[in-house]
Amino acid sequence: MESARSHRKSIANDVVSTLPLYRSAPALEVRLEDFTLFAMDRLRVLKGISDGLSRGKKTEEMEQLAKDLWRANMRHPQASEVVNKDIISHFVLRLVYCRTEDLRKWFLPMETALFRYRFRHETAEAQRSLMAEFDLSYKAVSNSEFESVKDKLCQVARSIGMSLPTADAIFYKVPFEEVPELVAGRRVFIHKGHAYVASTQVVSLVATQFRSHLSKALILTNRKWTSTIREQEKDRLAPIVEALCTSYLGPDYSQPKGFSEISLKDIDDLVKSSFPLCMRHLFEKLREDHHLKHGGRMQLGLFLKGVGLKLDDAIAFWKAEFSQKVGAERFDKEYAYSIRHNYGREGKRTDYSPYSCQKIISSTPGAGDHHGCPYRHFSEENLRAALNKMGVDGRAVENVMDKVQNRHYQLACTLTFEAVHNSSCDSGINHPNQYFSDSQKILQSKDGKGISTLGNKKRVPLLFP
Amino acid sequence: MTREEVEGGRDEMEIDGCEQREANAIPEGFDANYLKIYYGKLFPHADIYKWMSYGNDGKHPGCDQSYFGRREFSFTLENDIYLRFQSFYGAYELENSIRENCPVKIDIGPVYSVDPAKRRAYAQTGDNVFTPVERELIFDIDITDYDDVRYCCSGADVCFACWPLMTIAIKVIDTSLRDDFGFNHILWVYSGRRGVHCWVCDGKARRLTNEQRGAIADYFRVYKGNENSHKKVSLTGHALHPFLARSYTEVLRNFFELKLLPSQNLFSTEERYEKILDMIHDESVKSELRGKWQENRRSTSKEDINVIRWEQLKILLQSGKQKGQGLRRGIEEIVFSYTYPRLDMEVSKHMNHLLKAPFCVHPKTGHVCVPIDPKKCEEFDPTTVPTLSKLLQELNMEGAKSEVENDWDKTSLGKSIRFFRTSFLQPLLKSCKEEIESSYKTKLQHSKNSINW
């Protein structure tokens, strides 16, 4: 009879981890002031993580970043209150970010990422005690099974530059569904539906569980919020909750504000003067091929909507191009529907928001695609050529390429903006529509037409009484 | 051509034999009237219904009577009219609607939380009550995605030289789905013109989330990038992942060296070999090879020039590795670039993606979308797949025979339908029934336990 390899379960109970799992809301009293301040501190951490990810930082860098952010923002003068601040801030943000699909879509991966980085920094014993909470020990691989798959496990380790498993290494056998990111990266050996997860990779398992629990909790919180809390807290928490998120993430550009709408005859000039490289590329390819694949249609189409292109003009625009390739009839039948869908006139009637830089950078354009972020997805020579076409050359191109090599794609775009407009962009570019609106702002002020009333889009920390 | 004319012709034919029939043959291609006959006599409505029911069409108390009715179908009618969110209560309704509407294409969508026809009644609150709950894991491989590595055809054309790319795609993916992921109920279907579809129908597969589907698609993804980027295949590390290693040694390497190299003449012109040289990272190796090949325009030996040049390349790359060149697996990168399956990621990642139903007729070619046996996929020849007109001809010829029970058995479609039933549908339904019974038992057990406290 073989014994399971996890004989260390008994030790785990002695070690207490300071990493909470946020399984249930704390029975604590919170001062209204702390309610807001704690949440904002945590939000700074999450936003910092979000920025780091959109720069394509590697995992080790992200772990360090998360550690630094946490240390900088999540302290408390009373050491005993540190854990409470952690828990309270999490639950307040749950309230703030449970309320719409978009908010949840941002909050969930950020909290999960934060959890994952913090987990990695815990000691091995603390990690094991956390794992015990997730009930993972029973899935450990027995000695004999380990021997039978050892070759394959070594092969996987060698393929990803991990150290080879030793004789006493613990592996966990779990259904592959529980470690999607390890599967996606081909970082585990899979056989007959089971993945063999190394103990150094366990964070993946734990993070998936954390995420799925939080995802369900957000839905429940939203229900409670909508049905009872929002009304009860109409004068107290509700205004705080509502203000906390909109002030922080910036506008989503789904409703173009303060702009005169753009008309089709202006569009070619606007492309040259005010489109960021990603949209310029898509636009040029569209003019060239009279076609774009789905990813490109979404990225460019929603951008144009955010810039102020009305639905009818949008249809006329796409039709003028596509009909040269597929014919007007086919356009009407196959493509017009999805343009109306983007504007919220069909199907679910969701008014889709234009993609942010983070979303665009993380996309994966394949064969025949032209969407994505050129700073990330173009080869060096193609990117240099594109920048030259935009009028960026010499020293400026080198600076941009330097940012690209360090994977600071948004900074590269910011430098491009600055070179093209001959003026600085302090807030940095994090949304293509922001690039456009900032560009228009500069050009219109140069024209002497005065700065258009765009309102203040910079992030302002909230001050509460 | 109306049915009366066809039948009239048949009487003559019985006397004169096949030669006469040829003269009255149904013209190739696609015709909406033929479709009507196809849906009337040949399309396997009942089999599609049984499949889509996944065992829930029985009398067992564990069966979910609402299951089939929550499945989305989509019809494309003539003149490109789309009817989405079609749903049916049962086999009769499904068959009736298909025969009445005579769709040029039938797509199958997911099983939703509620009947798709009633989706508007469920308001889009934050909780999104109308949402997909089950959907087969699907893959779509299209030969146009390989246009940059095949010289024989481009676009929608397919020939015997490049179709094998589909064959090896099936082999690689099918093996992995079974051995790595443990799936059993897998259906491969010819898409009718230039590619293949894959339906993974295990319960586990149908219940995968979008994230899990994306993970599987990424596991299968090796070829990245497009004309804007450079690196297409990037294989680094001291070893290949077991999945890639197995695919390489069992399928891809031999296919590349023995079939693709000669049939596509990958090294025969400067333009073609430059494309391969482009994939090499070691500049000195690149220039050495280039020098050799630019001089040596005509092959002095009897051997195929492609084979010779490939050998030269391999020797140089392998020796380079010993010099501590780095972790690039140059040879594998080239082989993978040309042969490894290229999947359409978007199709697999989202539960709500529609996919064409098997046994549809492709409107441009007239070919029926027939299943492909993955164990014998090398024998599959897309040019010999039955077409609509051929099937109708066969129907007419066999018309009078009454000993054959099903109309489709009188035609070359019979083989495909029988294969569909024995290799796929029956094992699938058996497993579904078992699953329904066992989960029902478990449910009963739980309710018993909760009472006995």
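Things to note:
- Residues in the stretch B:54-80 that are under 25 Å from the mean Cα position of the chain (by Cα) and loosely packed, with under 15 Cβ neighbours inside 10 Å: B:77, B:78, B:80.
- The one condition in (1) at pLDDT 95 or above; (2) at the interface with another protein chain (Cβ under 9 Å from one of its Cβ atoms); (3) touching a Phe, Trp or Tyr at 6+ places or on another chain (Cβ under 6 Å) that residue B:228 fails to fulfil: (1)
- Test: residue in the stretch A:261-268 that is within 14 Å of chain B (Cβ to nearest Cβ), surrounded by 13 or more Cβ atoms within 10 Å (Cβ to Cβ) and either in a helix (DSSP H, G or I) or modelled with pLDDT of 80 or more (or both): no
- The condition of being more than 9 Å from every other protein chain (Cβ to nearest Cβ), closer than 19 Å to residue A:151 by Cβ and either out of contact with any Gly (no Cβ under 8 Å at 6 or more places or on another chain) or in a helix (DSSP H, G or I) (or both) holds for only one of A:209, A:201, that being A:201.
- Test: residue in the stretch A:343-353 that is at pLDDT 85 or above and farther than 30 Å from residue B:149 by Cα: no
- Among the candidates B:332, B:288, B:311, residue that is under 25 Å from residue B:220 (Cα atoms), assigned to a helix (DSSP H, G or I) and modelled with pLDDT of 85 or more: B:332
- Candidate set from the stretch B:233-273 (those that are within 14 Å of chain A (Cβ to nearest Cβ), touching a residue at least 40 places away in the same chain (Cβ under 8 Å) and under 25 Å from the mean Cα position of the chain (by Cα)); member that is surrounded by the most Cβ atoms within 10 Å (Cβ to Cβ): B:247
- Counting only helices (runs of 4 or more DSSP H) wholly contained in the stretch A:24-97, the ones carrying 3 or more residues that are in contact with a Leu (Cβ under 7 Å, 6 or more places away or on another chain) occupy A:32-54, A:82-97.
- Residue list for the stretch A:193-227, filter: within 19 Å of residue A:111 (Cα to Cα), at pLDDT 90 or above and small (Gly, Ala, Ser): A:215, A:217
- Of the numbered criteria (1) over 26 Å from residue B:84 (Cβ atoms); (2) part of a helix (DSSP H, G or I); (3) without any contact (Cβ under 8 Å) to a residue 60 or more places away in the chain; (4) not aromatic (Phe, Trp, Tyr), the one residue A:386 fails is (3).
- Among the residues of the stretch B:335-394, just one is within 14 Å of another protein chain (Cβ to nearest Cβ) and free of Cβ contacts under 8 Å to residues at least 12 places away in the same chain, namely B:346.
- When the residues of the stretch A:367-396 are filtered to those that are surrounded by fewer than 21 Cβ atoms within 10 Å (Cβ to Cβ) and of a type in the set (Gly, Ala, Ser), the one that is nearest to residue A:302 (Cα to Cα) is A:368.
- A count restricted to the stretch A:131-146 and to residues that are over 12 Å from residue A:170 (Cα atoms) and modelled with pLDDT of 85 or more stands at 1.
- Considering (1) part of a loop (DSSP other than H, G, I, E, B); (2) more than 8 Å from chain A (Cβ to nearest Cβ); (3) buried (at least 20 other Cβ atoms within 10 Å of the Cβ), the lone condition that residue B:208 does not fulfil carries the number (2).
- Selection from the stretch B:63-83 of residues that are over 20 Å from residue B:40 (Cα atoms) and touching a residue at least 24 places away in the same chain (Cβ under 8 Å): B:63, B:66, B:67, B:69, B:70, B:71, B:72
The values are calculated or read from the model by the stated rules, or taken from the named source; none is laboratory data. Quick caveat: nothing in here was measured; it's all calculated off a predicted structure. FYI the Cβ positions are ideal-geometry reconstructions off the backbone, even for glycines, and counts take in every protein chain you see.
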